[in-house]
Amino acid sequence: CIKYFKNGLQLLPWGTEIKHKSTPERSKKQLNHFLDVKFNNCAGNKGVRYETNSLDFKVRADGTLYAAHHLQVPSKQLILMVTAWDPQTLGRWEAMVRFLVAEKSQHNGHKPKGRKALPGELAQQQSDTLLPWRQHQSANGLRRQKRDWVIPPINVPENSRGPFPQQLVRIRSDKDKEIHIRYSITGVGADQPPMEVFNIDPVSGRMYVTRPMDREERASYHLRAHAVDMNGNKVENPIDLYIYVIDMNDNRPEFINQVYNGSVDEGSKPGTYVMTVTANDADDGTTANGMVRYRIVTQTPQSPSQNMFTINSETGDIVTVAAGLDREKVQQYIVIVQATDMEGNLNYGLSNTATAIITVTDVNDNPPEFTTSTYSGEVPENRVEVVVANLTVMDRDQPHSPNWNAIYRIISGDPSGHFTIRTDPITNEGMVTVVKAVDYEMNRAFMLTVMVSNQAPLASGIQMSFQSTAGVTISVTDVNEAPYFPTNHKLIRLEEGVPTGTILTTFSAVDPDRFMQQAVRYSKLSDPANWLNINATNGQITTAAVLDRESDYIKNNVYEATFLAADNGIPPASGTGTLQIYLIDINDNAPELLPKEAQICEKPNLNVINITAADADIDPNVGPFVFELPSVPSAVRKNWTITRLNGDYAQLSLRIMYLEAGVYDVPIIVTDSGNPPLYNTSVIKVKVCPCDENGDCTTIGAVAAAGLGTGAIIAILICIIILLTMVLLFVVWMKRREKERHTKQLLIDPEDDVRDNILKYDEEGGGEEDQDYDLSQLQQPETMDHVLNKTPGVRRVDERPIGAEPQYPIRPVIPHPGDIGDFINEGLRAADNDPTAPPYDSLLVFDYEGSGSTAGSVSSLNSSSSGDQDYDYLNDWGPRFKKLADMYGGGEED
């Protein structure tokens, strides 16, 4: 059986275009009822439903196609797709319907009188041939319309099965009856990428699509149709062709994420927003193909209801729809969400699914509760930072969250603040800790009342539980406490110098253990000067030596010692106490004269010596002091006198008009003001010396005061003068010797100057006996041809080079001994860099002269030789060989 669409007049296979003619009214084209669309599914068409891809048209159940509302058609044609689908078999069939709107003839909407429309004309009007370059008849003949037709868009469904190429439209110029016309198209899809999607028959003007279209790849094409003659000349203006790809439902909705995560508080009311899921459809969103609708497929777990959530079908918002969310029962829901296009039609729409994970977040709807109503603990006395009890609680809220973390408070039973309760961050237990030491003798037990709560307040409507309060009993155990001194840092006062064995005080300790019968023993722990003893049983302190306030062990008149008190408990305990003894001063130290040495002029009334005294005691056993001279020896009071300035200072000065320079020991008696007073005879060394007008000792006077006589001073001065004279004579002798050396150098002959000799001559080495040189290479060749024919740059080594001679240093007119070394070094550097300086026979540069030389040994030459050898060429070797040329050449003898 072939399933197909049909109308009331003829059978139309799938894909056949149904053309229906409508007459426009004025400039607006209104459509209402057009035609009946029927479908034969070989089963009586039971349950067949019709739909269209246009929102402007609808199809009734009987196949009537009608406009859904008042519609204005702006183009010459209208194309839409009609779909028939069977809900039972889920089969789908589609047909394309095209409406062509024709113009009225003669521009008045009436046919010419007496003329009937021929069947051929009607067929031509209903054909798919477009005449975009149409001409109109006038009284004067043919005339072109002022503007071309606007070609309506050409709609092509995507994913067509062919066969290809498939004809779309035929364009034709009415000039094709007069001349041969060639048609072509240009634009994207024709001669631009993507290439050859569309082509046109150049003769008939039929345009084809060559392959299936994909709207998601490209939704429209803009082409231009051209008409030219056989010579390529333009016959008509180019016409724009717009081709639209009709969307088909060939894409499933795709979720942005495959898994969505959201959360909602437990106990939330119905309608509480949870999350939003989103799916996109690549199809046309203005049609049902791209309109996505959402629904919840499954919910896991289905507790307390199988529909705890709902989803907005259009927006994808998930909200709660039922009450009863409880995190303590269900912590997470997994919801499968389905997105379906075709406005959610499950029969022919495409679907996709995603997972929404909804976490139920915790709120503080469960107060913490103690696991038991009473707790107990035990603590030793005098201990702190000790955990005496652990309080356990139960809280069903989210662990390690503010809704679960416990806070403990002591309501009653600890007025002095001995305890606090800290929370264990891991177990949430309360740790009762001692922060202030407890005393068994004061409190043997504590009864505490504690309460527990959370960091976060309870949720609205939740009340505190009776089990959030508990009692804690803490027992205090007795321990052996150390004895203690009630008056620690005990201070006593007494005079220094008390005799050994004197009882100072009783330094006793108290044992706090009133319920234990224990004995206390005493001992010394620290006694820096070892001045004290303590009775081991009663703590009586006695002196073991004389206490001296002026000792180095005394700080600010206080002596400090530490004692130990220990009981006989198990284990033994001990405590320490400090005894401070303030020593009252007595006059037990005589004053000392200051200074010990001084200096004064040999004549009176020029300067004096200020003297004072130092006493190790303190007031009132110190000043004012009394200074006086002893009567023996009598010369002291004869030469010196003391004048009192105040209670602590006096002046020592000469009594006589002149005292010979020297060092004198002057005894002075100093008495303090103690009771009884103490005195001391001190000696001051006074240096008497001559002074200048300012009262200062002169240098000679200082020496004289040191004990040297006049003869010794004169001898020292003579030695100094002799030494200076010797130094002066030595300097004069050195200057004179230098002058003589300069004069001698001016008398030297320049020819004999050693510096010139060093520059002109080299070391010749040993004699002929210790040399083994082939001197034949030094012979002057008879011809110079081989030299002239040499390669440029190569010279004979026995010839004087031609070039600028170096500048040798000029000998100064007045030589100086310091210039000799510089003169020699500069001359040596000039000679080393002089290519014209002999010898020229360096083994590094001279050439091989050949064998068979006629030259004999140089050692055969002597002053009496009378051979016929010609030595005139020596004259050509420069002035340095002139002497040799005169000896052996033909020169005249002197």
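Asn556 fails exactly one of the following numbered conditions: (1) surrounded by fewer than 14 Cβ atoms within 10 Å (Cβ to Cβ); (2) at negative phi; (3) free of Cβ contacts under 8 Å to residues at least 12 places away in the same chain. What is the number of that condition?
Every listed condition holds for Asn556 apart from (2).
Name the single residue that is surrounded by the fewest Cβ atoms within 10 Å (Cβ to Cβ) among those in the range 268-313 being of a type in the set (D, E, K, R) and closer than 17 Å to Ile336 by Cβ.
Arg295
Can you name every residue in the range 482-540 that is over 13 Å from Ala565 (Cβ atoms), β-branched (Val, Ile, Thr) and in contact with a Ser or Thr (Cβ under 8 Å, 6 or more places away or on another chain)?
Ile492, Val498, Thr500, Thr502, Ile503
Take the residues of the range 459-477 that are open to solvent by less than 50 Å² (accessible area, probe 1.4 Å) and at pLDDT below 90: which is farthest from Gln398 (Cα to Cα)?
Here the residue is Thr477.
So which residues in the range 503-553 are open to solvent by less than 50 Å² (accessible area, probe 1.4 Å) and charged (D, E, K, R)?
Asp511, Asp513, Asp527, Arg549, Glu550 - these are the residues of the range 503-553 that are open to solvent by less than 50 Å² (accessible area, probe 1.4 Å) and charged (D, E, K, R).
In the list Met431, Met442, which residue meets the criterion of being exposed (fewer than 14 other Cβ atoms within 10 Å of the Cβ) and more than 30 Å from Ser268 (Cα to Cα)?
Only one candidate passes the filter, namely Met442.
Yes/no per residue for (1) closer than 19 Å to Asn390 by Cα; (2) in contact (Cβ under 8 Å) with a residue 40 or more places away in the chain:
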| residue | (1), (2) |
| --- | --- |
| Ser412 | yes, no |
| Gly417 | yes, no |
| Met442 | no, no |
| Phe446 | yes, no |
| Asn454 | yes, yes |
| Gly471 | yes, yes |
| Val476 | yes, yes |
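Would you pick out the residues in the range 320-339 that are closer than 14 Å to Met275 by Cβ and open to solvent by less than 40 Å² (accessible area, probe 1.4 Å)?
If the condition is that a residue be closer than 14 Å to Met275 by Cβ and open to solvent by less than 40 Å² (accessible area, probe 1.4 Å), then Thr320, Tyr333, Val335, Val337 are the ones that fit.
Among the residues in the range 180-187, are any in contact (Cβ under 8 Å) with a residue 40 or more places away in the chain, open to solvent by 70 Å² or more (accessible area, probe 1.4 Å) and not charged (D, E, K, R)?
So far as the range 180-187 goes, yes, one or more of its residues are in contact (Cβ under 8 Å) with a residue 40 or more places away in the chain, open to solvent by 70 Å² or more (accessible area, probe 1.4 Å) and not charged (D, E, K, R).
Here is a list: Ala190, Ala227. Which entry is assigned to a loop (DSSP other than H, G, I, E, B) and either surrounded by 19 or more Cβ atoms within 10 Å (Cβ to Cβ) or among the small types (Gly, Ala, Ser) (or both)?
Ala190
Looking at Val670, Val636, Val632, can you tell me which residue is open to solvent by 20 Å² or more (accessible area, probe 1.4 Å) and hydrophobic (A, V, I, L, M, F, W, C)?
So the residue among Val670, Val636, Val632 that is open to solvent by 20 Å² or more (accessible area, probe 1.4 Å) and hydrophobic (A, V, I, L, M, F, W, C) is Val632.
If a residue must be over 20 Å from Thr698 (Cβ atoms) and aliphatic (A, V, I, L, M), how many such residues does the range 713-733 contain?
Counting residues in the range 713-733 that are over 20 Å from Thr698 (Cβ atoms) and aliphatic (A, V, I, L, M) gives 9.
Among what's in the range 235-253 and is in a loop (DSSP other than H, G, I, E, B) and polar (S, T, N, Q), pick the residue that is surrounded by the fewest Cβ atoms within 10 Å (Cβ to Cβ).
So, considering only residues that are in a loop (DSSP other than H, G, I, E, B) and polar (S, T, N, Q), the one surrounded by the fewest Cβ atoms within 10 Å (Cβ to Cβ) is Asn251.
Can you confirm whether Ile256 is β-branched (Val, Ile, Thr) and open to solvent by less than 30 Å² (accessible area, probe 1.4 Å)?
no
The values are calculated or read from the model by the stated rules, or taken from the named source; none is laboratory data. Please read these numbers as outputs of a predicted model, since none were measured by experiment. As a convention, Cβ positions derive from the backbone with ideal geometry for all residues, glycine included, and neighbour counts pool all protein chains shown. With ligands, DNA and RNA removed, areas are computed over all heavy atoms of the protein, side chains included. Shrake-Rupley method; radii C 1.70, N 1.55, O 1.52, S 1.80 Å.
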